[in-house]
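Every number here is computed from the coordinates shown, using simple stated rules; none is lab data. Please read these numbers as outputs of a predicted model, since none were measured by experiment. Counting neighbours? That spans all protein chains shown, and the Cβs are built from the backbone with ideal geometry, glycine included.
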Amino acid sequence: MVEKKFATVPNEAETEASTAKADLDSQIAELRAEIARLTESVSAIGTSAKAVVTSEAEVLTERLRDRIRDEPVSTLLAIAGVSFVVGLLARR
C-alpha cells in the first residue's frame, strides 16, 4: 500500500512540473510577442519624430535664408557680435 502511494507521487510531481513548464512556455511566448509589438511601436514613433524634426529644420533653414537675403547688413552685424562674444568666452 505504501509503495503504491510512493509510486504515484513522482507521477503527480512530473505532471505538475510539465503543466508548470507549459504555462511558463506560453507566458514567455506572450512576452516575446509583446516585446515585438513594442519594438514596432517605438520604431514607428522614432520614424515619425525624425520626419517632424527634418521638416522643422528645413523650415527654419528656409526662414534663415530669407532673412539673410532681406537684411544682409544686420545679419553680418549679428554674426560679428556673436563671434565676438564667443571669442571672449573662449579666451577665459
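Observations, loosely collected:
- With K and R counted +1 and D and E -1, the other residues having a Cβ less than 13 Å from that of LEU31 yield a net charge of -2.
- Gain on full extension, evaluated as 0.36 nm per residue between ALA44 and LEU31 minus their Cα-Cα distance, stands at 2.7 nm.
- With the convex hull of the Cα atoms taken as the outline of the chain, the averaged projected area works out to 13.4 nm².
- Residue order, fewest to most surrounding Cβ atoms within 10 angstrom, among ARG67, ARG91, ARG32: ARG91, ARG32, ARG67
- Helix 2-70 axis, angle to the chain major axis (alpha carbon atoms, nearest 10°): 10
- Gain in span if fully extended, LEU76 to VAL52, counting 0.36 nm per residue against the direct Cα distance: 5.6 nm
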